[in-house]
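Structure, as structure tokens:
The values are calculated or read from the model by the stated rules, or taken from the named source; none is laboratory data. Source: prediction; values computed, not measured. FYI the Cβ positions are ideal-geometry reconstructions off the backbone, even for glycines, and counts take in every protein chain you see.
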Amino acid sequence: MSATIKKEVSESQNDTKPTTTKENPEPVKAKVVKKVNNIDKLDISELGKKTISELADQARSMGIEGINSKTKPDLIYSILETQTKKDGLLFASGVLEVLQEGYGFLRSPIYNYLPGPDDIYISPSQIRLFGLRTGDTVAGQVRPPKENERFFALLRVEAVNFENPDTVNNRILFDNLTPLYPESRLNLEWDASKLSTRIVNLLTPIGKGQRGLIVAPPRTGKTILLQEFANAITSNHPQVVLIVLLIDERPEEVTDMSRTVDGEVISSTFDEPAERHVQVAEMVLDKAKRLVEHKKDVVILLDSITRLARAYNQVVPTSGKVLSGGVDSNALQKPKRFFGAARNTEEGGSLTILATALVDTGSRMDEVIFEEFKGTGNMELHLDRKMVERRIFPAIDIKKSGTRKEELLLNEEEIQKMWILRQVLNPMTNIETMELLLDKMGKTKTNAAFLKSMSNG
């Protein structure tokens, strides 16, 4: 946030303390516009989901002028301001970012947590009262800005991380949770025709709390693979909170991912500065940690850990020690902390991170980054460039791929069948292995039927 905005907030709202009560708080699912005692109840998060043309039409119907010169956040702000003048009730939700001054703002995932005019101000007294931290998903009633104020302010906290605010003080901090091996499998088998997820589900199973690395040369189909993972998770595990984090990607790929995946897609494209990449990644991680503290299962699909490490390499203060490829010796500490946050916990929920690592890019820095992350995960999925050249998809190198402690995720029968299958596939080349799997699995609709066909010869 710019110094100008910080100054205005401190001058105009430091003395403003919106009334807060913890009496009868009810978790809200602020998803629709309702009528309350014949008064319009407008949900700010729903406005953020509308297209700019839909917002423009709504603004025209409300008599707002100068629509064509307004950006989407400005349109939302104008609609909220006009609605408030009509005695409407405003409700909002967002992810909290607490600033050094003690107050905070609710950032919208619609704008990838960028500061904007429709952010919701939260006073220091509210943050202390409810024990709120950066990353908490907060929902509640909002009041309009008073004279000389710039932002809407939270009047009443009604839900924190989709639960009653009273439960916040009972949570165990993420760093104090006991890490465990993944014990519950994420079922990726959702469509008989999607053989890539069926193969992964069988040969490199993914559990809740997995720390997985997808090692991918350029143009090997890693983006399609992530999309299929995301769709499988949302189909089979609707209770899991899915976040797709795209760092340093092309804008058109972000649009494609948003339209393909039924989940939260957060991005920082290649034309954004490195500081922005870091800010977005840290907000996503903080949000995930708070949800895990509330016993939720969270999955982050990161594309890619390599570009995130590159961003940290530009942002961290120079230590004077530079590794091969131009990587500062301190640059990989925070990316490792991000990746290392993935874990199954004994007291809370689980955080699963599946991150892509780029190799064979021609960059020595990328190779150094991969070497530093190699072995830090408990699951690896390797993609093979030679298969892509033969137009074989998915281009998975079965021999190099695997999951640690997979016996915790598979039943006894599956373990025995997997041992036999790997013995059969071991003498073959990677291309022969994948061609055989695609042929045999393509003739069955489920993995259970495929394993049964193995028993029948």
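Those helices (runs of 4 or more DSSP H) of segment 381-457 in which 1 or more residues are in contact with a Pro (Cβ under 6 Å, 6 or more places away or on another chain) occupy 385-389. Within segment 375-404, the set of residues being β-branched (Val, Ile, Thr) and under 23 Å from the mean Cα position of the chain (by Cα) comprises THR376, THR403. Take SER53 and decide whether it is over 18 Å from PHE151 (Cα atoms) and at pLDDT 75 or above. So SER53 passes the test.
For every residue, the table says whether it meets (1) assigned to a helix (DSSP H, G or I); (2) in the same structural domain as GLY131 (by the TED database); (3) under 25 Å from ASP136 (Cβ atoms); (4) at pLDDT 75 or above.
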position: ASN68; (1), (2), (3), (4): yes, yes, no, yes
position: ILE76; (1), (2), (3), (4): yes, yes, yes, yes
position: ASP87; (1), (2), (3), (4): no, yes, no, no
position: PHE91; (1), (2), (3), (4): no, yes, yes, yes
position: LEU96; (1), (2), (3), (4): no, yes, yes, yes
position: ILE110; (1), (2), (3), (4): yes, yes, yes, yes
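Of all the residues that make up segment 208-237, how many are closer than 17 Å to ILE353 by Cβ and either of a type in the set (A, V, I, L, M, F, W, C) or touching a Phe, Trp or Tyr at 6+ places or on another chain (Cβ under 8 Å) (or both)? Of the residues in segment 208-237, 12 are closer than 17 Å to ILE353 by Cβ and either of a type in the set (A, V, I, L, M, F, W, C) or touching a Phe, Trp or Tyr at 6+ places or on another chain (Cβ under 8 Å) (or both).
Being part of a helix (DSSP H, G or I) and surrounded by fewer than 16 Cβ atoms within 10 Å (Cβ to Cβ) is a description that does not apply to GLU372. The residues on offer are GLY377, GLY362, and the sole one that is assigned by the TED database to the domain that holds ARG337, touching a residue at least 40 places away in the same chain (Cβ under 8 Å) and not in a helix (DSSP H, G or I) is GLY377.
If you go through segment 200-249 and keep only what is among the charged types (D, E, K, R) and under 26 Å from MET434 (Cβ atoms), you end up with ARG211, ARG219, LYS222, GLU228. Screening GLU183 against (1) in a loop (DSSP other than H, G, I, E, B); (2) under 30 Å from LYS72 (Cα atoms); (3) at pLDDT 85 or above leaves a single unmet condition, (2). Restricting the first member to segment 411-428 and to residues that are over 19 Å from ILE206 (Cβ atoms), and the second to residues that are of a type in the set (D, E, K, R), the beta-carbon pairs closer than 8 Å and six or more apart or on different chains are LEU425/LYS399; ASN426/LYS399.
State whether one or more residues within segment 273-291 are closer than 22 Å to VAL368 by Cβ and in contact with a strand residue (DSSP E or B) (Cβ under 6 Å, 6 or more places away or on another chain). Looking for residues that are closer than 22 Å to VAL368 by Cβ and in contact with a strand residue (DSSP E or B) (Cβ under 6 Å, 6 or more places away or on another chain), one finds at least one in segment 273-291, hence yes.
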